[in-house]
1. Using the basic label-point model (7 angstrom from Cα toward the beta carbon), what is the residue 14 to residue 69 distance in nanometres?
2. So what is the accessible area of region 23-65 per residue, in Å², with the probe set to 1.4 Å?
3. Measure off, as a whole percent, the carbon and sulfur share of the 1.4 Å-probe accessible area of the chain, all protein chains present.
4. On C-alpha positions alone, give me the angle between the axis of helix 13-26 and the longest principal axis of the chain, in degrees, nearest 10.
5. Given axes a ≥ b ≥ c from the Cα gyration tensor, I'd like to know whether region 1-45 is rounded (a/c under 1.5), prolate (a/b larger than b/c) or oblate.
6. By DSSP, what percent of the beta bridges with both residues in the chain are antiparallel, rounded to the nearest 5?
7. With a cut-off of at most 13 other beta carbons within 10 Å, and DSSP calling the residue loop, which trypsin sites (Lys or Arg not before Pro) in the chain qualify? Please list them.
8. Can you give the charge dipole size of the chain about its Cα centre, rounded to the nearest 20 debye, using +1 on the beta carbon of Lys and Arg and -1 on the beta carbon of Asp and Glu?
Amino acid sequence: MASYVLYHTDGCHLCEQAEQVLLSVLGNKNTLQLTDIMTDEQLLARFQLSIPVFESKTGQLLYWPFDAQTVHEFLAQE
């Protein structure tokens with residue numbers, strides 16, 4: 001089961017960039033769950049203006065823009 005979540009939507013080039021950054025840090029695609037906000041009205045209302053958003057195991061959120069170093073620092077706070 002995935003440990004982390006990336007809130008995104010199809011066709012979002014920033015979301016694609018964020019996914020690549022996260023995969024370069026996490027190293028295992030199985031640890032990242034991609035959740036399309038268009039499939040849930042609550043997620044759409046919550047994140048429509050801020051995707052991509054990365055959620056940690058503890059529920060903390062990291063908003064775009066971020067790079068590999070920022071993700072490493074964010075994960076170190078878990």
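The values are calculated or read from the model by the stated rules, or taken from the named source; none is laboratory data. Predicted, not measured: the structure shown is a model, and the values here were computed from it. Ideal geometry is used to build each Cβ from the backbone, glycine not excepted, and the neighbour counts take in all protein chains shown. Surface areas here come from the heavy atoms of the whole protein model, side chains and all, with no ligands, DNA or RNA. Shrake-Rupley method; radii C 1.70, N 1.55, O 1.52, S 1.80 Å.
1. Reported label-point gap for residue 14 and residue 69 is 2.1 nm.
2. Working: 2800 Å² over 43 residues.
Per residue, region 23-65 has an accessible area of 65 Å².
3. On the way: 2330 of 4850 Å².
The value for the chain is 48 percent carbon and sulfur by accessible area.
4. 30 degrees
5. On the way: a/c = 3.07, a/b = 1.48, b/c = 2.07.
Oblate shape, in that a/c is at least 1.5 and b/c is the bigger or equal ratio.
6. On the way: 6 of 11 bridges.
Bridges in the chain are about 55 percent antiparallel.
7. On the way: sites: 29, 46, 57; in loops: 57.
When the trypsin sites (Lys or Arg not before Pro) of the chain are filtered for loop state and at most 13 Cβ neighbours within 10 Å, 57 remain.
8. Working: 3 positive and 10 negative charges, 31 e Å.
The dipole magnitude comes to about 140 debye.
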